Amino acid sequence: MLLTGCSTGFGVSVPLVSGLSLGIGSGGVSLGTGLGPVGAGVGIGHGGRVSAGAGVGVGVGAGLGGGATAGVGTGVGTSTVLYDPQAPTEAAPQTKADLYGGN
């Protein structure tokens, strides 16, 4: 089975206002929004990497009493890294003078 781009983790999501939630989990901290099965969010990982993503998913949950719920879900999505403090920096472009020892 090919699992390219798959990830797994655990966390807790706290609703801030209608449609906006703060997630704290094994991958870091995230801020997300969703409408039905479609959602989008921005997250900060433990290494300082900032990523944005969007996806669609389904889930089921059960009430535990006292307003708490537990659930499980699955989904597909895509994400991109907006900032990575550990990424190698690109070298400045060289001029012809630099290449031939002129500078």
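Considering region 58-72, and only residues there that are open to solvent by less than 60 Å² (accessible area, probe 1.4 Å) and more than 21 Å from residue 17 (Cα to Cα), the residue that is farthest from the chain's Cα centre (by Cα) turns out to be 65. A Cβ distance below 9 Å, combined with a sequence gap of six or more or placement on separate chains, defines the contacts here; from region 44-63, residues that are within 16 Å of residue 78 (Cα to Cα) and of a type in the set (A, V, I, L, M) reach residues that are open to solvent by less than 50 Å² (accessible area, probe 1.4 Å) and in a loop (DSSP other than H, G, I, E, B) in the pairs 50/84.
Residue-wise test of (1) part of a loop (DSSP other than H, G, I, E, B); (2) loosely packed, with under 10 Cβ neighbours inside 10 Å; (3) at pLDDT below 90.
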| site | (1), (2), (3) |
| --- | --- |
| 3 | yes, yes, yes |
| 6 | yes, yes, yes |
| 9 | yes, yes, yes |
| 16 | no, no, yes |
| 24 | no, no, yes |
| 30 | no, no, yes |
| 33 | no, no, yes |
| 41 | no, no, no |
| 47 | yes, yes, yes |
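Within region 73-90, being of a type in the set (A, V, I, L, M, F, W, C) and either under 14 Å from residue 36 (Cα atoms) or open to solvent by 100 Å² or more (accessible area, probe 1.4 Å) (or both) holds for 76, 82.
The values are calculated or read from the model by the stated rules, or taken from the named source; none is laboratory data. What you see is a predicted model; the values in this text were computed from it and never measured. Here Cβ is always computed from backbone atoms with ideal geometry, including for glycine, and neighbour counts include all displayed protein chains. The protein model used for the area step is the full one, side chains on, heavy atoms only, and it has no ligands, DNA or RNA in it. Shrake-Rupley method; radii C 1.70, N 1.55, O 1.52, S 1.80 Å.
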